[in-house]
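For reference, the structure discussed in these notes is given below.
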Ligand code: NAD
């Protein structure tokens, strides 16, 4: 199959490279010239494990190329995927669909043979109808079909997720579009990944329902963690105790600083707006959004509490800035609100992150970026583990204690045993574990 991928970000680039690896002919398009220039030199514009090798293998094999020329790239495609961003619209929290519609306008100008246009971006229910309308203004109805094929990959594990997905959801009522999509995903049928053919609106909503459910699970265990701290229980054990129940499952039950990233915050908000617009409120998701918003600054206050209630003039090191490990993505990362809360209270904040510091330095210019965990911790009163990168899982706690001026280790991911930390002379504060005060 000949595939054009419009948008070469986290989703477009990974999906495009994986489709090429399946044997399809793929061109990834982006309007950001610098991205295309780097990709053409095999320099990845994002950090995603395994991506550089995958891209190189498929470029060398002649199956994958990059371009900023949409018209030339989509010519003769069997399918054109739209994988552009759908951030929150400023002011009202609706999904900003301007990139999706702009891409659709461009596609409408250049299709010359029957083509399947696929929205891979996360888009609210009814967006496919709008894309169809845009295309139908320029093209005869039998020249195209609009399909929803939401993406469920996780940054940091994106290639594995794309190649071995729990399921593939394809929303269309068009039989020929179903055939094209089946051919594109055929290598995965062989892997026995379930493919769900649904209506287009159903597919669009499925993506939001999945993300809202996962965000709810995270927020649920975070509230349990707060309750654990008050009643002297341990959330790690509560989590294991409920997660072993197959009806609940153990994933997404790790208490922490609240969800962030490029998807959950914007997608939960967009779902609320869709629900409100359709007069069908989703009150559980409303509560999730509110609780999670408050949690990030609350984590900053947790650090201040560990410092004895006063942060003015104190030095704090943040280990991990990205919203999760194995990515450089800083979008809506909890570290942003935590750093701001600490600085608002007069603290001096240093930080280290294995991949996120370049982008983080632009977002939080007052935070002192350092080259290692120990450099960040040097002379500080508290060290805070914000993101559970492997690099922070086996710190030399004795060395850390000697490097620091104070004694507080705040572990917002519960990756250390309190007893091990205390043995090295540090005070331990976790999330949902018995508080020392
Ligand atoms: P991103 O910001 O990393 O990439 C989007 C790219 O699209 C950018 O490089 C931008 O320059 C390009 N672009 C925008 N308009 C264009 C146009 N008209 N022509 C060509 N290129 C254009 O975004 P992302 O993280 O890859 O997310 C893309 C979509 O996938 C979003 O809807 C997101 O919600 C969804 N999604 C993301 C993830 C994830 O983990 N990042 C997972 C599942 C779904």
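Only Cα pairs under 8 Å and 6+ residues apart enter the sum, and on that basis the relative contact order of region 237-429 stands at 20 percent. For the pair residue 182 and residue 358, the difference between a 0.36 nm per residue extended length and the Cα-Cα distance amounts to 59.3 nm.
Considering only beta bridges that DSSP places wholly inside region 1-158, some 5 percent are antiparallel.
Gain on full extension, evaluated as 0.36 nm per residue between residue 42 and residue 90 minus their Cα-Cα distance, stands at 13.9 nm. Calculated on the Cα set of region 337-405, radius of gyration then Dmax: 11.9, 33 Å. Taking one quarter of the surface of the convex hull spanned by the alpha-carbon atoms of region 252-306 gives a direction-averaged projected area of 4.4 nm². Per the Cα gyration tensor, region 93-227 maps to an equivalent ellipsoid with semi-axes of 30, 20, 12 Å, ordered largest to smallest. For the residues 413, 201, 393, a GNM of the chain with alpha-carbon springs under 10 Å puts the largest fluctuation on 393. Note on residue 71 and residue 226: with the Förster distance fixed at 60 Å, the Cβ-Cβ geometry gives a FRET efficiency of about 0.65. Highest GNM mean-square fluctuation among 200, 283, 331, for the chain modelled with Cα contacts below 10 Å: 283. For the chain, the longest principal axis of the C-alpha atoms and the axis of helix 200-231 are separated by about 10°. Computed from Cα atoms alone, the Kirkwood hydrodynamic radius reported for the chain is 23.2 Å. Here each label is just a point 7 Å from Cα along the line to Cβ, and for residue 278 and residue 240 those points are 4.1 nm apart. Once the chain from residue 209 to residue 247 is taken as fully extended at 0.36 nm per residue, the excess over their C-alpha distance is 11.9 nm.
Highest GNM mean-square fluctuation among 366, 423, 178, for the chain modelled with Cα contacts below 10 Å: 423. Note on region 2-198: Rg/Rh from C-alpha atoms, Kirkwood Rh, equals 0.94. Any idea what diffusion coefficient region 237-429 gets from Stokes-Einstein, in µm²/s, Kirkwood Rh on alpha carbon pairs, 10 °C, 1.306 mPa s? Diffusion coefficient, whole number: 91 µm²/s. Mean separation of Cα pairs under 8 Å and 6+ residues apart, divided by the residue count of region 302-361: what relative contact order is that in percent? Relative CO of region 302-361 lands at 43 percent. Note on region 1-57: Cα-Cα pairs beyond 18 Å make up 22% of the total pair count. Over region 158-278, the hull volume per residue, using the convex hull of the C-alpha atoms, is 145 Å³. Output the 0 to 90 degree angle, nearest 10, between the alpha-carbon long axis of helix 264-277 and the longest principal axis computed from the alpha carbons of the chain. Helix 264-277 and the main axis of the chain meet at about 60 degrees.
Estimated purely from DSSP H runs of n ≥ 4, each contributing -39500 (n - 2.57), the mean residue ellipticity at 222 nm for the chain is -13500 deg cm²/dmol once divided by its residues. Between helix 127-138 and the chain there is an angle of about 30 degrees, using the helix long axis and the longest principal axis of the Cα atoms. Distance between the 7 Å Cα→Cβ label points at residue 201 and residue 137: 2.3 nm.
Considering only beta bridges that DSSP places wholly inside the chain, some 5 percent are antiparallel. Label positions at residue 301 and residue 113, each projected 7 Å from the Cα along the C-beta direction, are separated by 6.3 nm.
Taken together, the values in this text are just the output of simple stated rules run on the coordinates, not laboratory data. This is a predicted model, so every value here is computed, not measured. We place every Cβ from the backbone using ideal geometry, glycine too, and count neighbours over all the protein chains shown.
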